[in-house]
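As structure tokens, the structure follows; a few thoughts come after it.
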Amino acid sequence: MEKIIVEGGRKLKGTVRVNGAKNSAVALLPASILADSTVTIEGLPNISDVHTLEAILQDIGAGIEKPSPHTIKIDPSTIVPIPLPNGKVKKLRASYYFMGAMLGKFKKAAIGLPGGCFLGPRPIDQHIKGFQALGAKVRNEKGSLYLEADELKGSRIYLDVVSVGATINIMLAAVKAKGQTIIENAAKEPEIIDVATLLTNMGAKIKGAGTDIIRIDGVDQLHGCLHTIIPDRIEAGTYAIAAAAQGEEVIIDNVIPEHLESLLAKLREAGVEIEQNDEQIIIRPGEKLLPVNIKTLVYPGFPTDLQQPITALLTKAEGTSIVTDTIYQARFKHVDELRRMNADIKVEGNTAIINGPAELEGAQVRATDLRAGAALVIAGLMAKGKTEIIGVEHIERGYENMTEKLAQLGANIRKVKMTKTEIEQMNVK
Ligand code: EPU
């Protein structure tokens, strides 16, 4: 087990390159099983959520080759629809994409209900509603979902909640259904367009991905293809926030700036100077950071996945900022840890009230989930003295080489192995 040690106060300068999007990758890997021949995916982030999905693909019989850490070749021709009630599927939320993909391919699936970061209740009723509308019988038994259909038939499905996962899962099940499926009130995140692009390259007929109505005309067969994953807008946003917190001038490379408009608008409002070109964002913090109010919303609104990192940044703003998370009401576990570092933050319901500027001080803190971890790293970069972050495994689910990338920008940050005593103490706390 490892911990991250940050000695705060160093200025960040230079270029950081962003990897392929985690939340695309974790859907593209299950999606690939719908093909009958080899799918090659480039730009794969080298993170533990991806490694877990690769292991699940191998468990169900896929041929996997990794010519490089960022490229995978998946041969789905040998896959069998074995049930996956337990084990690896419980490690991450995105394993639920095997429900849609297996249902689409084999007309049946048995998958354990997913794990993932605890952010408050994360129901999957809209996924189930979609599968049922396509003709699947769905049974929940001892924490696993059993899905089965004689035939999948296209249907009109209105999502009661705009959901990334449900939109993608229904697309996966519908691409090989008979006839047309229409998903209304679909989510519009760039990752949905990325998955639709892969499926289209595999021979699927999908129109409207990226809008709130997606039309899918079922086809009988899908074939292999080559696909390159879009850049990770949340990883890019995390480094943009770190740069706003502690940068002199940081260039964030391999981004689609349009995917980050809501964040960039808020950073500008806070007094950060931002330049952008086709594939880069250049961040230069202003003289002082101004407070801003933020409400997370579905895309293209401010992403919930950047709520935690920006809350850490706003501890530095001169005045009161109000941050409301409308997507995950309980995504505030980072706040207790930030308070240990001397932040003045109050949580009321789904809103954090941040009084700044606080002079953060290094402390021992725990990353309770992926983006909480990113928030604590950013806080550590700003804090006086030494911050030790445990729960590094959460960070590594979604950020490739975060400590190395920040060290390259000039941060004093490293990962070290924890001693046996430290691990014992950590488990007691
Ligand atoms: N919801 C329902 N019913 C459903 C599905 C969702 O009520 O059937 C609710 C959720 O409880 C939540 C809202 O709808 O309040 C949005 O959830 P959504 O389904 O869009 O989230 P998700 O697909 O489970 C993905 C990302 C999350 C990201 C959210 C929102 C993946 C693997 N995960 O989750 O990413 O926060 O969309 O943008 O794509 C992260 O990367 O740290 C992360 C948690």
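Residues in the stretch 97-118 that are within 10 Å of the ligand (Cβ to nearest atom) and either at pLDDT 95 or above or more than 19 Å from GLY398 (Cβ to Cβ) (or both): TYR97 alone. Only one of the numbered conditions (1) farther than 25 Å from ARG371 by Cβ; (2) away from the ligand (no atom under 16 Å from the Cβ); (3) among the aliphatic types (A, V, I, L, M) is violated by ILE214, and that is (2). Hey, among ALA242, ALA270, which residue is of a type in the set (Gly, Ala, Ser), under 22 Å from ARG371 (Cα atoms) and under 20 Å from the mean Cα position of the chain (by Cα)? ALA242 is the lone residue from the list that is of a type in the set (Gly, Ala, Ser), under 22 Å from ARG371 (Cα atoms) and under 20 Å from the mean Cα position of the chain (by Cα). Of ILE274, ILE252, all but one fail to be outside any helix (DSSP H, G or I), closer than 25 Å to ALA407 by Cα and touching a Ser or Thr at 6+ places or on another chain (Cβ under 9 Å); the exception is ILE252. If you check VAL6, VAL16 for being in contact with a Phe, Trp or Tyr (Cβ under 6 Å, 6 or more places away or on another chain), among the aliphatic types (A, V, I, L, M), in a strand (DSSP E or B) and surrounded by 15 or more Cβ atoms within 10 Å (Cβ to Cβ), only one passes: VAL16.
Collect the residues in the stretch 66-92 that are in contact with a Ser or Thr (Cβ under 6 Å, 6 or more places away or on another chain), of a type in the set (Lys, Arg) and at pLDDT 95 or above, keeping them in residue-number order. Of everything in the stretch 66-92, just one residue is in contact with a Ser or Thr (Cβ under 6 Å, 6 or more places away or on another chain), of a type in the set (Lys, Arg) and at pLDDT 95 or above, namely LYS73. Could you please let me know if PRO121 is over 22 Å from PRO76 (Cβ atoms), part of a loop (DSSP other than H, G, I, E, B) and within 16 Å of the ligand (Cβ to nearest atom)? Yes: the conditions hold for PRO121. SER77 passes every criterion in (1) within 15 Å of the ligand (Cβ to nearest atom); (2) part of a helix (DSSP H, G or I) apart from (1).
Pairing each residue of the stretch 121-147 that is in the same structural domain as THR167 (by TED's automatic domain parsing) with any residue that is assigned to a strand (DSSP E or B) and of a type in the set (Asp, Glu), provided the two are 6+ apart or on different chains, yields C-beta distances under 6 Å for LYS137/GLU148. Can you list the strands (runs of 3 or more DSSP E) lying wholly within the stretch 284-386 that have 2 or more residues being under 18 Å from ILE241 (Cα atoms)? Filter on the stretch 284-386 gives 293-296, 320-325, 351-355. Sub-6 Å Cβ pairs linking a first residue in the stretch 208-221 that is at positive phi to a second residue that is surrounded by 15 or more Cβ atoms within 10 Å (Cβ to Cβ) and not in a strand (DSSP E or B), at least 6 apart or interchain, are GLY210/LYS188; GLY210/ILE193, ordered by first then second residue. Kindly indicate the residue of the stretch 124-157 that is within 14 Å of the ligand (Cβ to nearest atom) and under 13 Å from GLY104 (Cα atoms) and also surrounded by the fewest Cβ atoms within 10 Å (Cβ to Cβ) among those meeting that condition. Applying the filter and picking the extreme gives GLN132. Of all the listed residues (GLY63, GLY43), the sole one being surrounded by fewer than 18 Cβ atoms within 10 Å (Cβ to Cβ), modelled with pLDDT of 95 or more, more than 16 Å from the ligand (Cβ to nearest atom) and outside the structural domain of ALA367 (by TED's automatic domain parsing) is GLY63.
The values are calculated or read from the model by the stated rules, or taken from the named source; none is laboratory data. Note that the coordinates shown come from a computational prediction; the quantities given were computed from them, not determined experimentally. In this analysis, Cβ positions are derived from the backbone assuming ideal geometry, glycine residues included, and neighbour counts consider all displayed protein chains.
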